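Read-outs throughout are calculated quantities, based only on the coordinates presented, and are distinct from any laboratory measurement. Just so you know, these numbers come straight off a predicted model, no measurement behind them. Here Cβ is always computed from backbone atoms with ideal geometry, including for glycine, and neighbour counts include all displayed protein chains.
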Amino acid sequence: MKKHLALLLTALMICLMAVPVFAGAEREVDVGEVKFGIMRATKEWKADGVIDEGEYYEIPLKDTWLSYAWNDIDENAETLSKSMEPKLYMSWDDKYVYTATVYKVSKFFNEYGADPGSMWKAACIQNNFAPKVDDVLGPENRLEYGIGLTSDTNELISFVWADASDGAAIGWVPEAGADFTVTHSNNVLTYEARTPWEAFLGFTPKEGDVFGYCIVWAGGNDYDQYLHAQLASGCTGFGKDAFSFAQVTLEAAPVVETEPPAVEEPAPADDAPAVTPAPKTADTFAVVVFAAVATAAGAVVVSKKRSK
């Protein structure tokens, strides 16, 4: 009896000492209704941590497009997951779809260099691509990969969690420095990535075509503390559902309107001095003849006076 009582008391003490961990999630309002377009790139893509106009174009994010998930190791977890203020930029060309994003974290933490498959619990992003919703074969019909920068070793890491798009999977794995980069400054993270169309589609898309997309912004600030903001059925709390991914339409490059150069009005001419026209040759000759005749007549008069 005493033994059983001791075991019961021990179990009770363990329960009292254990810190319960709760998880929460909040789904987006516009489930299955997220749609936007991305324009064709007009500038060469570079994995340099700089987001240039023409290389990408910003996608204005609506609050009703975002879901959130967290666990309560940190008592402020829900607030932190909703305070990352993500910005999204995208573009495309015949070979790749380009994504870039910037968001802030309360603390930059990612020590999963030896276990990149677990970096979803730290600072990283998860990119998800799928065919358009009409061609999706099932909720898991997607390419999903993560990219991150380790906070302890400053190492670029990646991991592919799902490679089941439309049967055209090629086993693509993003290469650090070539296909993606991540930079960090004052708890602000910048990600750039390019994803080949052939990694999740069986064809090269063209203007007007549609594909599915979802992104998870992860900002866990310690081991096993996950904080997620998610676009269009991201992951935690509800699972990734390719049927609910954002439907993204490929658009033409923006038209750059150029105005013709302004035509300068000619400057007003200065007041020029009046020019007296030169006498014509005939007028000159008449003057000379008249002078000669007058001279001759005078000579005759003088001669007559002398003869008197």
Once Glu207 and Asp72 are pulled to full extension, the length gained, defined as 0.36 nm per residue separation minus their Cα-Cα distance, is 44.2 nm
The FRET efficiency for Asp163 and Val255, from their Cβ-Cβ distance with R0 = 30 Å and rounded to 0.05, is 0.20
In the structure shown, do any of Lys132/Lys240; Lys46/Lys107; Lys95/Lys121; Lys43/Lys95 have a Cα-Cα gap over 25 Å, and if so which?
-> Lys46/Lys107; Lys95/Lys121
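Under the √(5λ) rule applied to the eigenvalues of the Cα gyration tensor, what semi-axes describe the equivalent ellipsoid of the range 44-251? Give them in Å, descending.
After scaling each eigenvalue by five and taking roots: 25, 19, 16 Å.
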Is the shape of the range 30-86 best called rounded, prolate or oblate, per the rule: a/c under 1.5 gives rounded, else a/b larger than b/c gives prolate, else oblate, with a ≥ b ≥ c the square roots of the Cα gyration tensor eigenvalues?
-> oblate
By average Cβ neighbour count within 10 Å, what is the ranking of 144-152, 203-211 from highest down?
-> 144-152, 203-211
Phi-based couplings in Hz for the range 79-84 (Karplus 6.51, -1.76, 1.60; Gly and Pro marked x) | 4, 5, 5, 9, 10, 7
Using alpha carbon centers only, the range 174-240 is separated from the range 124-147 by a whole-angstrom value of 10
